[in-house]
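S.K.: Take this structure first; my questions come after.
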Amino acid sequence: MKWIKNIRLLLIVSIISMVVSAQGQTIIDASVFELLDLNADGLETVKEKVKQEDYKKAADELLKYYRNRTHIEHPDINASDKASWLGKEIGKLDLEKANKGMEHKFFVHKGYGYLDYGKDIDWDYWPVKDNEIRWQVNRMYWWIPMGQAYWSTGNEKYAKEWVFQLRDWIKDNPKGLSKENDRFAWRPLETSRRVQDQTTLFNFFVNSEHFTPEFLVTFLLNYHEQAELVSANYTEKGNHRLFQAQRMIYGGGFFQEFKNAERWRKEGIAILNEEMKVQVLNDGFHFEISQHYHIGSIETFLKGLRMAQLWNLEHEFPSEYLATIKDMIYASLKVSFPDMSYPMFGDAWATPSEAMTKKYKEWSTIFPEDPIIKYYATGGEEGHAPDVLSTRLSETGLTAFRNGWDSQSTALIMRAGIRGGEFHTQPDNGTFELWHKGVNLMPDAGCYVYAGDKEVMNQRNWYRQSSIHQTLTLDDKDILINTKELKWHTSENLDYLVYENKSYENLSHRRSVFFVDQSFFVIIDEAIGSATGNVKVRYQIKEGDAKYNFKNNTFKSDNKSEPNVQVVASSKSEITTIPETLKVSYSYREEIPRKGVAFSIIKEDEKPISMVSVVYPEDGRGTALNVSSKITKESDAKMRIEVSVNGKTYTLGYSL
């Protein structure tokens, strides 16, 4: 049942400048026409009717104008495309979203499926106190599928229902109704999403018999109010600011009849140009250090450019704009796995390779001559793979060790750098994912959920803990991120990274990662400083069986029909092997049990302690490794280590 909102505040609805007579007919005044540039080409008749104060007839003429308008193109959908859609399959999922949306069972978030908002739509419905439910219902993900279904079937029921739902939303969610309602329904991110999507929806429905002159006025007044809200409230920094700017380019470009349209468009372009310099670091990666938001930022920058190109305004973007987008694509590629999936560091989810192939196909249309982008756009049939193997993004600190780019390769991708975005990153410096011959053997935990009430935040914070990541902790407390690269080296048979992180007030974590013979990894963890306590180095595997050998400090996956990984720890200090039962989340609000291990050493004084871990990917269910190690540290800047693996000795080390 819909909550009864404050009656006094419902008077705000009058802002839309319409009154309803006893017969229920909408009476239109001059308000909407005052927002339009009636001197624009094609609006001469509208202007004349407004001058005569015949606002109903002016609205009739304005709708005729929009139905016949051809000089403004949309990058996604144009009204002239309608005939080609009749009988077209729109996909099972989109058709389901449309049809359930007709029943007010809205697809608000993939983590929750369809939620029933009732016959009398309760836009405040909040069955789980996850903020994303309240925010994302105001993005109306089912409306564009309703438009697609309308064009595919020609059934007016979709247009009729969309008009009803938009009117109902406007009636129930006037800006200024309450602080809480403004927080969810009028947050600039959601409002900008509507500014963007309603350009597409306009083209889908403008020729419907249910899209009346009266509704056009309602639509335009609300659209203008939304665009002005975003214009006055751009988020100060972060990816939200990018989305808002790009979407205002859509609004200002598509509805050029508004007097403020040019301002919307220009401020959107200006912000994208400014934020590209702020949010894209020198190594080409987005500053929040989440691949999910990095890919999203690439798409946002490109959308803004595409819109400008439609109106021959690409000159408002500098020449380096497109070059930076290409750098971003290359940065993403460098720290992705051979199938173009990528680690779930921070707020990111498992992304199938097919989804990334689709992205590369889109990017290849922008950079058609680039052989590497073409290689991934065509599934390797054209172009070529990158020439470089192991690589490190210098500023973000994302590092990839790899021996190839095909499905039989091995790749370990590590996060060892700057903090990044406060909300979308986790206290996990040093963590990594290991991919071997098509299988992600050691995935990151993921993020599970975003934000909400105490219960939801507890769920989110569990996934943020340092103690569930593949790094070093003291007494299971979260680490700080304050990293300094000490050495990065690549050669034919040995790649290695040495970095140091000030993890705690009195304890630094120095990690050295060696990729030996392009086949396995030796990780040396040093805990340096006066702090004492329980030092643990942790590792986790994908869901499945695991085996532990407490005598030899061994942890291994035990998959029957795919590759596996063994981790063997050694130290001159006493190690305790502690099995851990953990979780991994590949999708929003979905989690799967998995196994992990904590190799524990008690640090009793100010002397540094060290641990050597051999991380050994293998094709099948290999026998237990026989590992021993000996560290000789000549100084703080020079180390030598001998590691024996199954009788073969490797001499490794660094000189800083």
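The values are calculated or read from the model by the stated rules, or taken from the named source; none is laboratory data. Everything numeric in this text was worked out from a predicted model, so none of it was measured. Heads up, the Cβs are rebuilt from the backbone with ideal geometry, glycines too, and the neighbour counts pull from every protein chain shown. The accessibility values were calculated without ligands, DNA or RNA, using every heavy atom of the protein model including side chains. Shrake-Rupley method; radii C 1.70, N 1.55, O 1.52, S 1.80 Å.
S.K.: For the subset of the stretch 120-160 comprising residues that are charged (D, E, K, R) and touching a Lys or Arg at 6+ places or on another chain (Cβ under 7 Å), which member is nearest to SER178 (Cα to Cα)?
M.R.: The residue in question is ASP122.
S.K.: Counting only residues that are open to solvent by less than 20 Å² (accessible area, probe 1.4 Å) and part of a helix (DSSP H, G or I), which one in the stretch 92-110 is farthest from ALA149 (Cα to Cα)?
M.R.: The qualifying residue farthest from ALA149 (Cα to Cα) is GLY101.
S.K.: Ok, one more. Residues that are over 28 Å from GLU543 (Cβ atoms), more than 32 Å from the chain's Cα centre (by Cα) and modelled with pLDDT under 95: which strands (runs of 3 or more DSSP E) entirely in the stretch 564-647 hold 3 or more of them?
M.R.: 627-635, 638-645
S.K.: Then there's this: Give me the residue from the stretch 360-408 that is in a loop (DSSP other than H, G, I, E, B) and of a type in the set (A, V, I, L, M, F, W, C) and, out of that set, least open to solvent (accessible area, probe 1.4 Å).
M.R.: Step by step, filter the stretch 360-408, then rank; the result is LEU393.
S.K.: Another question, if that's okay. When the stretch 242-263 is examined, which residues are found to be assigned to a helix (DSSP H, G or I) and either surrounded by fewer than 24 Cβ atoms within 10 Å (Cβ to Cβ) or without any contact (Cβ under 8 Å) to a residue 12 or more places away in the chain (or both)?
M.R.: Of everything in the stretch 242-263, those that are assigned to a helix (DSSP H, G or I) and either surrounded by fewer than 24 Cβ atoms within 10 Å (Cβ to Cβ) or without any contact (Cβ under 8 Å) to a residue 12 or more places away in the chain (or both) turn out to be PHE243, ALA261, GLU262, ARG263.
S.K.: How many of the residues in the stretch 517-545 are hydrophobic (A, V, I, L, M, F, W, C) and in contact with a Ser or Thr (Cβ under 6 Å, 6 or more places away or on another chain)?
M.R.: Number of matching residues: 4.
S.K.: OK, next. Across the stretch 36-73, which residue is least open to solvent (accessible area, probe 1.4 Å) among those that are assigned to a helix (DSSP H, G or I) and hydroxyl-bearing (Ser, Thr, Tyr)?
M.R.: Residue satisfying both the conditions and the ranking: TYR66.
S.K.: Checking ILE289 against (1) among the β-branched types (Val, Ile, Thr); (2) part of a helix (DSSP H, G or I); (3) under 14 Å from the mean Cα position of the chain (by Cα), which single condition isn't satisfied?
M.R.: For ILE289, the failing item is (2).
S.K.: Quick one: which residue in SER585, SER613, SER561, SER570 is more than 30 Å from ASN506 (Cα to Cα) and buried (at least 19 other Cβ atoms within 10 Å of the Cβ)?
M.R.: Of the residues listed, the single one that is more than 30 Å from ASN506 (Cα to Cα) and buried (at least 19 other Cβ atoms within 10 Å of the Cβ) is SER585.
S.K.: I need a count of the residues in the stretch 314-354 that are closer than 16 Å to HIS292 by Cβ and either without any contact (Cβ under 8 Å) to a residue 24 or more places away in the chain or in a helix (DSSP H, G or I) (or both).
M.R.: Qualifying residue count, the stretch 314-354: 7.
S.K.: A further question on this structure: Out of GLY147, GLY118, I need the residue that is among the small types (Gly, Ala, Ser), in a loop (DSSP other than H, G, I, E, B) and under 24 Å from ALA185 (Cα atoms). Which one?
M.R.: Criteria check complete, one pass: GLY118.
S.K.: Among the residues of the stretch 292-304, count how many are open to solvent by less than 10 Å² (accessible area, probe 1.4 Å), more than 29 Å from LEU220 (Cα to Cα), of a type outside the set (A, V, I, L, M, F, W, C) and out of contact with any strand residue (DSSP E or B) (no Cβ under 6 Å at 6 or more places or on another chain).
M.R.: 0
S.K.: In the stretch 206-241, which residues are in a helix (DSSP H, G or I), within 16 Å of ASP60 (Cβ to Cβ), open to solvent by less than 10 Å² (accessible area, probe 1.4 Å) and not aromatic (Phe, Trp, Tyr)?
M.R.: Within the stretch 206-241, LEU216, VAL217, THR218, LEU220 meet the criteria.
S.K.: Hey, another quick one. Check off (1) within 18 Å of VAL535 (Cβ to Cβ); (2) open to solvent by less than 60 Å² (accessible area, probe 1.4 Å); (3) of a type outside the set (A, V, I, L, M) for TYR496 and give me the number that stays unchecked.
M.R.: Evaluating TYR496 over (1) within 18 Å of VAL535 (Cβ to Cβ); (2) open to solvent by less than 60 Å² (accessible area, probe 1.4 Å); (3) of a type outside the set (A, V, I, L, M) leaves (1) as the failure.
S.K.: Of all residues being among the hydrophobic types (A, V, I, L, M, F, W, C) and open to solvent by 10 Å² or more (accessible area, probe 1.4 Å) in the stretch 414-434, which is farthest from the chain's Cα centre (by Cα)? Just the residue, please.
M.R.: ILE418
S.K.: Which one of the conditions (1) within 28 Å of the chain's Cα centre (by Cα); (2) buried (at least 23 other Cβ atoms within 10 Å of the Cβ); (3) of a type outside the set (Asp, Glu); (4) not in a loop (DSSP other than H, G, I, E, B) does ARG460 fail to meet, given that it meets all the rest?
M.R.: Tallying (1) within 28 Å of the chain's Cα centre (by Cα); (2) buried (at least 23 other Cβ atoms within 10 Å of the Cβ); (3) of a type outside the set (Asp, Glu); (4) not in a loop (DSSP other than H, G, I, E, B), ARG460 fails exactly one: (2).
S.K.: Looking only at the stretch 379-411, count every residue that is touching a helix residue (DSSP H, G or I) at 6+ places or on another chain (Cβ under 8 Å) and free of Cβ contacts under 8 Å to residues at least 40 places away in the same chain and tell me the total.
M.R.: So the answer is 5.
S.K.: Another one. Using the structure shown, decide if LYS547 is in contact with a Gly (Cβ under 8 Å, 6 or more places away or on another chain), over 16 Å from VAL513 (Cα atoms), at pLDDT 95 or above and of a type in the set (Lys, Arg).
M.R.: no
S.K.: Taking the stretch 268-288 as the region of interest, how many residues are open to solvent by 40 Å² or more (accessible area, probe 1.4 Å) and in contact with a helix residue (DSSP H, G or I) (Cβ under 7 Å, 6 or more places away or on another chain)?
M.R.: Residues in the stretch 268-288 being open to solvent by 40 Å² or more (accessible area, probe 1.4 Å) and in contact with a helix residue (DSSP H, G or I) (Cβ under 7 Å, 6 or more places away or on another chain): 1 in total.
S.K.: If you don't mind, there's one more thing I want to ask. So if I check each of TYR496, TYR448, which one is outside any strand (DSSP E or B), in contact with a Phe, Trp or Tyr (Cβ under 6 Å, 6 or more places away or on another chain) and not charged (D, E, K, R)?
M.R.: Of TYR496, TYR448, the one residue that is outside any strand (DSSP E or B), in contact with a Phe, Trp or Tyr (Cβ under 6 Å, 6 or more places away or on another chain) and not charged (D, E, K, R) is TYR448.
S.K.: Within the stretch 76-91, take every residue that is open to solvent by 50 Å² or more (accessible area, probe 1.4 Å) and in a loop (DSSP other than H, G, I, E, B) and give me the one that is nearest to ILE249 (Cα to Cα).
M.R.: It comes out as ASP76.
S.K.: If ALA411 satisfies every condition in (1) closer than 21 Å to PHE337 by Cβ; (2) open to solvent by 10 Å² or more (accessible area, probe 1.4 Å) but one, which is the exception?
M.R.: (2)
S.K.: Can you tell me which residues in the stretch 527-537 are touching a strand residue (DSSP E or B) at 6+ places or on another chain (Cβ under 7 Å) and open to solvent by 10 Å² or more (accessible area, probe 1.4 Å)?
M.R.: Scanning the stretch 527-537 gives ILE528, GLY529, ALA531, THR532, GLY533, ASN534, LYS536.
S.K.: Are there any strands (runs of 3 or more DSSP E) wholly within the stretch 509-563 with 3 or more residues that are under 24 Å from ASN646 (Cβ atoms), and if so which?
M.R.: The qualifying strands (runs of 3 or more DSSP E) are 520-528, 546-549, 554-557.
S.K.: Taking GLU455 as the residue in question, decide whether it is open to solvent by 10 Å² or more (accessible area, probe 1.4 Å), part of a loop (DSSP other than H, G, I, E, B) and either charged (D, E, K, R) or in contact with a helix residue (DSSP H, G or I) (Cβ under 8 Å, 6 or more places away or on another chain) (or both).
M.R.: Here the answer is no, as GLU455 does not meet what is asked.
S.K.: Evaluate the stretch 187-202: report whether one residue or more is over 30 Å from HIS286 (Cα atoms) and surrounded by fewer than 22 Cβ atoms within 10 Å (Cβ to Cβ).
M.R.: Within the stretch 187-202, one or more residues are over 30 Å from HIS286 (Cα atoms) and surrounded by fewer than 22 Cβ atoms within 10 Å (Cβ to Cβ).
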